[in-house]
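The values are calculated or read from the model by the stated rules, or taken from the named source; none is laboratory data. Please read all numbers here as calculations on a predicted model, not as lab measurements. Backbone-built Cβ (ideal geometry, glycine too); neighbour counts: all protein chains shown.
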Amino acid sequence: MTSIKNMLPPSIRLNLMVICETVLLLSLALGVLLFFSHQTLKQEAIQDAEETLDGTVQHIDNILLSIEQTTENVYADLLQHIDDPDRMLTYSRRIVESNPYITGCAIVFKPYFYKDREWYMAYIHRENSRLVKSDSFGTKPYHEQVWYTRPMETQRACWLDPFKDENQDEGNLTTFCLPIFVTAHEGIKECVGVVAVDLSITQLSQIVLSTKSSPHSYSVLLGSNGVYLVHPDTKKLLHETVFSVSQEENSSVKETVNAMMAGETGYKPFRMNGKDWYVFYRPFNSEQLTGHNIAPLNWSVGEVCPDDDIFGSFNLLFYTVLIISILGLVAFFLLCNFFIHRQLRPLRMLTRSANRVAEGHYDEQVPHTEREDEIGQLQYRFRKMQQSLATHVNELDHLQESLQSQGDILEKTSEQSLENDRMKTTFLHYLSNQMIEPGDLIDKSVAKLCNNYHKTDLKEMEQEMAVIKQQSSTILKLLGHIIEAVQIESGKEDSHE
């Protein structure tokens, strides 16, 4: 890593340091911004979903209350004429006609309430925009069907979850059951029959699904047994429960289903069919405006939103900001590289000049600059240093040349001295050799005279004296040459001094 870093030019390294610090600061700022944006969008989604749920609950409640109120309005008059079986069809028709949400109404009584009839049923329902009278409902006798048996047993008004054993046309219904009470002996009220009013689940789904908090969200309404009362997929209505879906999906779906069926309020993320979703849910409890004690519904309403609807704008913002940030960083990198490269140009010139000076080119010229910043001051100081160094180097060169010249002179003088010494030695050796023979002759003559002077005649003595004189003159002459040579050498030395 260090070797790679050292391979990069200084401007690139400085630029990368600036970019890294900028990326760090930008990442922190964008992280905080995106976090709070995510939280804000999430809170807005929760608020929108809650408002949608409130609107959905209110819408469903209004429909159910309208059906309850319509039934209650007719119920009071029905009690006044309960002994007239022929009027029951009129009341049933009036209930269906009074409310567009009602698809059918059945008024039934227990066996032999009318003495001449074991079972009695007044049933009017819609069929192709017409009201049609029927003598039966479903595939079983009405006294075996839950919309009759439950209110007779509990003696409470109630809404029923859609039942599955009816034919397809009439099966997609939920029924409001209102027991009919009459005063029997001793003022005791007795349940003698049921007013059953049908609400079309398909119609309810169309109404509820028209309200949504986002383009791809939808509402669901679950019955107490987990059956779908409202769902955009009509095939799921009455034929599939939320438990069957949870068994096919992961644990997050199961947790969501369990929370909804437990009557909780909140929201949960889950993953289904390879997509991320959020479900916002709350229990549905209808307002009781009638004078009857209505059993709790135990329904749950939910708003299902895909994650893209909630955070789609956030994801778009994130990728937009990411792209802009990347492009901005690239542009910032290029601009930084340009300005840093420009600002560091004097330093590069100084580096080159320093390298040249380090290589021995002390006369390298450092460019003059007009800049007054730190780099300009550095360049000015380096230029002064180079000029001072060049001056000192020139002085050293001159001194070296002078020393070299003097050394050459000394070398020549030394060689000359050596030559002179050699010549003097040769000369002295020569003179010494020349003085040996005369000295030997003088010595022989003197020895001869000293040893044989009493035997030597005068003529022979004069001859020996002449030899001594002659050889003495020769020696004196050689000594004169030596003295002359010494005087000449002494004069040379005095002249040098």
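Hey, among the residues in the range 185-212 that are touching a Ser or Thr at 6+ places or on another chain (Cβ under 9 Å) and assigned to a loop (DSSP other than H, G, I, E, B), which one's farthest from Asn73 (Cα to Cα)?
Only one residue tops the list, namely Lys212.
Filtering the range 154-184 down to residues that are at pLDDT 50 or above and in a loop (DSSP other than H, G, I, E, B), which residue is farthest from Ser136 (Cα to Cα)?
The extreme case among them is Ala184.
Output the residue which, of all residues in the range 74-118 that are among the β-branched types (Val, Ile, Thr) and over 60 Å from the mean Cα position of the chain (by Cα), is farthest from Thr174 (Cα to Cα).
Here the residue is Ile82.
When you scan the range 380-392, do you find a residue that is assigned to a helix (DSSP H, G or I) and over 60 Å from the mean Cα position of the chain (by Cα), even just one?
No, every residue in the range 380-392 fails to be assigned to a helix (DSSP H, G or I) and over 60 Å from the mean Cα position of the chain (by Cα).
Taking Phe137 as meeting all but one of (1) in contact with a strand residue (DSSP E or B) (Cβ under 6 Å, 6 or more places away or on another chain); (2) surrounded by 14 or more Cβ atoms within 10 Å (Cβ to Cβ); (3) at pLDDT 85 or above, write down the number of the exception.
So the condition that Phe137 fails would be (3).
Kindly indicate whether Ser244 is in the same structural domain as Met152 (by TED's automatic domain parsing), of a type in the set (Gly, Ala, Ser) and at pLDDT 75 or above.
Answer is no for this residue.
Which condition number in (1) part of a loop (DSSP other than H, G, I, E, B); (2) surrounded by 15 or more Cβ atoms within 10 Å (Cβ to Cβ) is the one that Pro111 fails?
The single condition Pro111 does not satisfy is (2).
Could you check the range 182-221 and list, in sequence order, the residues that are without any contact (Cβ under 8 Å) to a residue 12 or more places away in the chain and of a type outside the set (D, E, K, R)?
Residues satisfying the conditions are Thr183, Ala184, His185, Gly187, Ile188, Gln206, Ser210.
Taking the range 464-494, which residues are within 18 Å of Asp443 (Cα to Cα) and modelled with pLDDT under 75?
Once the filter is applied, which keeps residues that are within 18 Å of Asp443 (Cα to Cα) and modelled with pLDDT under 75, the range 464-494 yields only Glu464.
To keep it simple, each residue is scored yes or no on (1) under 35 Å from the mean Cα position of the chain (by Cα); (2) modelled with pLDDT of 75 or more.
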| site | (1), (2) |
| --- | --- |
| Val227 | no, no |
| Lys236 | no, no |
| Glu255 | yes, yes |
| Ala262 | no, yes |
| Phe270 | yes, yes |
| Asp276 | yes, yes |
| Ser286 | no, no |
| Trp299 | no, yes |
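Hey, can you tell me all the residues within the range 111-136 that are in contact (Cβ under 8 Å) with a residue 40 or more places away in the chain and farther than 25 Å from Val182 by Cβ?
The answer is His125, and nothing else.
Right, Ser405: out of contact with any strand residue (DSSP E or B) (no Cβ under 7 Å at 6 or more places or on another chain), within 30 Å of Gly360 (Cα to Cα), at pLDDT 75 or above and of a type in the set (Ser, Thr, Tyr) or not?
The answer is yes for Ser405.
Of the residues Leu449, Leu441, Leu410, which single one is surrounded by fewer than 13 Cβ atoms within 10 Å (Cβ to Cβ), of a type in the set (A, V, I, L, M, F, W, C) and either free of Cβ contacts under 8 Å to residues at least 12 places away in the same chain or assigned to a helix (DSSP H, G or I) (or both)?
Testing whether each residue is surrounded by fewer than 13 Cβ atoms within 10 Å (Cβ to Cβ), of a type in the set (A, V, I, L, M, F, W, C) and either free of Cβ contacts under 8 Å to residues at least 12 places away in the same chain or assigned to a helix (DSSP H, G or I) (or both) leaves just Leu410.
Within the range 25-64, how many residues turn out to be within 20 Å of the chain's Cα centre (by Cα) and more than 22 Å from Pro269 (Cα to Cα)?
Residues flagged as within 20 Å of the chain's Cα centre (by Cα) and more than 22 Å from Pro269 (Cα to Cα) within the range 25-64 amount to 9.
Only residues that are within 20 Å of Leu317 (Cα to Cα) and polar (S, T, N, Q): list them for the range 18-35, please.
Ser27
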